[in-house]
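Visitor: Got a structure for you, questions after.
The values are calculated or read from the model by the stated rules, or taken from the named source; none is laboratory data. The model shown is predicted, which means the values in this text are computed figures rather than measured ones. Cβ sites come from the backbone with ideal geometry, for glycine too, and all protein chains shown count toward neighbours.
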2 protein chains.
Amino acid sequence: MRYMLLTVAAASLAVPVLAQDAAPPPSPGEIAAAAKPDEWVAIDAADLLVMDLAPDGAGKARRVVIQLMPPPFSQGWIGNIRKLAAAHWWDGTSVNRVQDNYVAQWGDATEKKPLPEGLAVVPESEYVSHFQTFVSGNEADPKAYYRYPFVEMISAELPIAKDGKGKRQDGYGYQTGFSKGWPVVGELSARATGKYQPALWPVHCYGAVGVGRNMSPDTGSGAELYAVIGHAPRHLDRNIALVGRVISGIEHLSSLPRGTEALGFYAEEKERVPIVSIRIASELPAAEQPKFEYLSTESDSFARYADARANRRDPFFIAPAGGADICNIPVPVRAVAAK
Amino acid sequence: MRYMLLTVAAASLAVPVLAQDAAPPPSPGEIAAAAKPDEWVAIDAADLLVMDLAPDGAGKARRVVIQLMPPPFSQGWIGNIRKLAAAHWWDGTSVNRVQDNYVAQWGDATEKKPLPEGLAVVPESEYVSHFQTFVSGNEADPKAYYRYPFVEMISAELPIAKDGKGKRQDGYGYQTGFSKGWPVVGELSARATGKYQPALWPVHCYGAVGVGRNMSPDTGSGAELYAVIGHAPRHLDRNIALVGRVISGIEHLSSLPRGTEALGFYAEEKERVPIVSIRIASELPAAEQPKFEYLSTESDSFARYADARANRRDPFFIAPAGGADICNIPVPVRAVAAK
């Protein structure tokens, strides 16, 4: 009974060699693995945050790599994070909170370490990206939404359940899709003007990295960060700034002992996991910079991958779900060997 | 920045003492904590599976408590599990697989330990519970669905996004709700007869426990079990038997080191976590039986709790989500002190 799922075990099947009617339908992982080289997008070293935790009890290195979000999302906080990393501010801080099925959180446990000068104070309005203009002059046409240049929502093509109007596709009542490699959620909101003003925001999926804050209107500086290590806490969307996602090493956070204080904070200082350093990858020597690429969410292979996530036809499955929530379609990311 | 969420920290606020217009709206946790004693339902010791893992590296006990599912779901496999526990079959087996954002799985790593005699072979048709009859004679009336006596779907009252027909409420295109303390999903499926035959099935939420299997038509005996430790893998619904959920001690599974082999299996025998014993709680001495109760999903407090999960109005939140997926409304379960 080793094969509860076959995605990995079956990845080496030589599908093209078999007669077409004998080849089993590919799994999502196989579809991604078979994507053309030009469907993968290299992630710039300037957009990678590299966190090295102290080695584990067996002396094994623990590196967590976070991809920062592209514009138009959360750039104020991300600018602060770049400054904090450049100042080596996190070196010597720690992971202080691990709450089961929720988040792992890190930063300065003393809350007294002075922050670098020049950090921005970012308003809550930045939790959401509002479109300023339409490409189409017809604001009543929902399809105009998809034509806005900086994002292409492909939810219309995704097999996520839709109502008759193509709206309210998930349990949260919003349209979901992918843009430039990221899961996003959006809505057409009627403003006081009576005109539609579409809005988009990033999603608290597994591995998402956000900015801890105190009570509103504080939105946090970016010095206190958390990563989601459980079922997507979508109630945090639009309530906390998301700045990126863990693309490698999430297990070094998700497998940490859970804290026993309220909210999963560690009770004792010795339980905290020391952070050796956090750097933007481009600050590392070239030979030490980790390299990753993601499967373009605008590619044909991604469309087939997403369809297969929603309709598993590979041999293990007998009843395809017929849909998927946005966080159950993780964007494929892979490490690239240094040249 | 300690208070990323205030659910726990604010739980002791003496709300009734404050003037009504000054009291902040309660959090979901506060609503559950304030439920009346008769809204909580005691879980029978005969429905609790108690798994004791070997102590951790610091010598600390690790107990995982699983609640088995009530009829009409998965009773064939659950009968097998009762026999396996009564035979003390799992004693000396181990946790063999931990895959990040997916499952922890346990059983006999050698796959050679003889099973007790008399285990049932359960067919795939048991993944789903089909209603046999209608209370209402009007099969075309979807509301008849809710009148079937063994389950009361309360999704109609839940703030989960609905289309105009009250269907397709989640990303998977199904109606979701709660029955007797459990999250369930259902659909009205048109059969070859042209008549509607409603079906219900349990959901792979965080903590759900299921039966490992090989390729179809094998459905597994129940000797190999797994618990969900990541984002709800809803594509497994109707493809694997679910038999229960972890109600205490999930952190002893979710914080284990991830296996480095395919599917998260441990590479070496020494990495496996020994299982000291698995017992039905009623087999334990009375004084040692753990006692738990869940908040009745048919209670007024649960309805308010679910609404608050979907629309966070407690002070930390500025933008209530307006909905929630079924797995983001975990049914409150609490330990009860022995009398």
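A quick yes/no check of all residues on (1) touching a Cys at 6+ places or on another chain (Cβ under 8 Å); (2) charged (D, E, K, R); (3) within 20 Å of residue B:82 (Cβ to Cβ); (4) modelled with pLDDT of 95 or more:
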{"position": "B:194", "(1), (2), (3), (4)": "no, no, no, no"}
{"position": "B:201", "(1), (2), (3), (4)": "no, no, no, no"}
{"position": "B:210", "(1), (2), (3), (4)": "no, no, yes, yes"}
{"position": "B:232", "(1), (2), (3), (4)": "yes, no, no, yes"}
{"position": "B:238", "(1), (2), (3), (4)": "no, yes, no, no"}
{"position": "B:253", "(1), (2), (3), (4)": "no, no, no, yes"}
{"position": "B:279", "(1), (2), (3), (4)": "no, yes, yes, yes"}
{"position": "B:284", "(1), (2), (3), (4)": "no, no, yes, yes"}
{"position": "B:288", "(1), (2), (3), (4)": "no, yes, yes, no"}
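Visitor: Output yes when any residue across region B:256-276 is away from every other protein chain (no Cβ under 14 Å) and in a helix (DSSP H, G or I), and no when none is. Lay out the reasoning, then the answer.
Guide: Taking region B:256-276 first, the residues away from every other protein chain (no Cβ under 14 Å) are B:269, B:274-276.
With the extra rule that they be in a helix (DSSP H, G or I), the set shrinks to B:269.
Taking every residue of region B:256-276 in turn, at least one turns out to be away from every other protein chain (no Cβ under 14 Å) and in a helix (DSSP H, G or I).
Visitor: Suppose we keep only residues that are over 16 Å from the mean Cα position of the chain (by Cα) and among the hydroxyl-bearing types (Ser, Thr, Tyr) within region B:291-305. Which one would you say is nearest to the other protein chains (Cβ to nearest Cβ)?
Guide: That would be B:305.
Visitor: For residue A:259, state whether it is in contact with a strand residue (DSSP E or B) (Cβ under 8 Å, 6 or more places away or on another chain) and over 30 Å from residue B:56 (Cβ atoms).
Guide: On the way: in contact with a strand residue (DSSP E or B) (Cβ under 8 Å, 6 or more places away or on another chain): yes; over 30 Å from residue B:56 (Cβ atoms): no.
When the stated conditions are applied, residue A:259 does not pass them.
Visitor: Regarding residue B:320, is this residue of a type outside the set (A, V, I, L, M), modelled with pLDDT under 95 and either in contact with a His (Cβ under 9 Å, 6 or more places away or on another chain) or more than 19 Å from residue A:232 (Cβ to Cβ) (or both)? It would help to see each step written out before you state the result.
Guide: On the way: of a type outside the set (A, V, I, L, M): yes; modelled with pLDDT under 95: yes; either in contact with a His (Cβ under 9 Å, 6 or more places away or on another chain) or more than 19 Å from residue A:232 (Cβ to Cβ) (or both): yes.
Taking the combined requirement at face value, the residue satisfies it.
Visitor: What is the residue count in region A:20-70 for residues that are surrounded by fewer than 18 Cβ atoms within 10 Å (Cβ to Cβ) and among the aliphatic types (A, V, I, L, M)?
Guide: Total satisfying the criteria: 11.
Visitor: Please list, ordered by first then second residue, the pairs with beta carbon atoms under 7 Å, 6 or more apart or interchain, first in region B:76-99 and under 18 Å from residue B:227 (Cβ atoms), second aromatic (Phe, Trp, Tyr) and surrounded by 23 or more Cβ atoms within 10 Å (Cβ to Cβ).
Guide: Going by the 7 Å Cβ cut-off, the qualifying pairs are B:84/B:90; B:93/B:106; B:94/B:106; B:95/B:106; B:96/B:106.
Visitor: I want to confirm something. Restricting to region B:71-93 and keeping residues that are among the charged types (D, E, K, R) and closer than 26 Å to residue B:180 by Cα, which single residue is surrounded by the fewest Cβ atoms within 10 Å (Cβ to Cβ)?
Guide: Here the answer is B:82.
Visitor: Inspect region A:290-298 for any residue being touching a Gly at 6+ places or on another chain (Cβ under 9 Å), assigned to a helix (DSSP H, G or I) and under 21 Å from residue A:202 (Cα atoms) and give the result as yes or no.
Guide: Scanning region A:290-298, I find no residue that is touching a Gly at 6+ places or on another chain (Cβ under 9 Å), assigned to a helix (DSSP H, G or I) and under 21 Å from residue A:202 (Cα atoms), so the answer is no.
Visitor: Those residues that are touching a Leu at 6+ places or on another chain (Cβ under 8 Å) and free of Cβ contacts under 8 Å to residues at least 24 places away in the same chain, I need them from region A:219-258; list them, please.
Guide: The answer is A:255, and nothing else.
Visitor: Then there is this: List every residue pair whose Cβ atoms lie under 8 Å apart, where the two residues are 6 or more positions apart in sequence or sit on different chains, the first residue falls within region B:168-187 and is more than 10 Å from every other protein chain (Cβ to nearest Cβ) and within 12 Å of residue B:298 (Cβ to Cβ), and the second residue, located anywhere, is at pLDDT below 80 and in a strand (DSSP E or B).
Guide: Correct list of pairs: B:177/B:186.
Visitor: Looking at A:308, A:319, can you tell me which residue is crowded, with 21+ Cβ neighbours inside 10 Å and either assigned to a loop (DSSP other than H, G, I, E, B) or within 12 Å of chain B (Cβ to nearest Cβ) (or both)?
Guide: Exactly one residue qualifies, and that residue is A:308.
Visitor: Can you find a residue in region B:81-99 that is within 13 Å of chain A (Cβ to nearest Cβ), at negative phi and within 18 Å of the chain's Cα centre (by Cα)?
Guide: No, because not a single residue in region B:81-99 is within 13 Å of chain A (Cβ to nearest Cβ), at negative phi and within 18 Å of the chain's Cα centre (by Cα).
Visitor: A further question on this structure: Would you be able to tell me the number of residues in region B:200-255 that are part of a loop (DSSP other than H, G, I, E, B) and not polar (S, T, N, Q)?
Guide: Total satisfying the criteria: 25.
Visitor: Shifting gears a bit: Whether any residue in region A:21-40 is modelled with pLDDT of 85 or more, in a strand (DSSP E or B) and under 15 Å from residue A:295 (Cβ atoms) is what I want to check.
Guide: Looking through region A:21-40, at least one residue is modelled with pLDDT of 85 or more, in a strand (DSSP E or B) and under 15 Å from residue A:295 (Cβ atoms).
Visitor: Of (1) surrounded by 22 or more Cβ atoms within 10 Å (Cβ to Cβ); (2) farther than 14 Å from residue B:99 by Cβ; (3) touching a residue at least 40 places away in the same chain (Cβ under 8 Å); (4) not aliphatic (A, V, I, L, M), residue B:314 satisfies all except one. Which?
Guide: Condition (1) is where residue B:314 drops out.
Visitor: I want to confirm something. Restricting to region B:323-339 and keeping residues that are among the aliphatic types (A, V, I, L, M) and more than 17 Å from the chain's Cα centre (by Cα), which single residue is modelled with the highest pLDDT?
Guide: So the residue we want is B:336.
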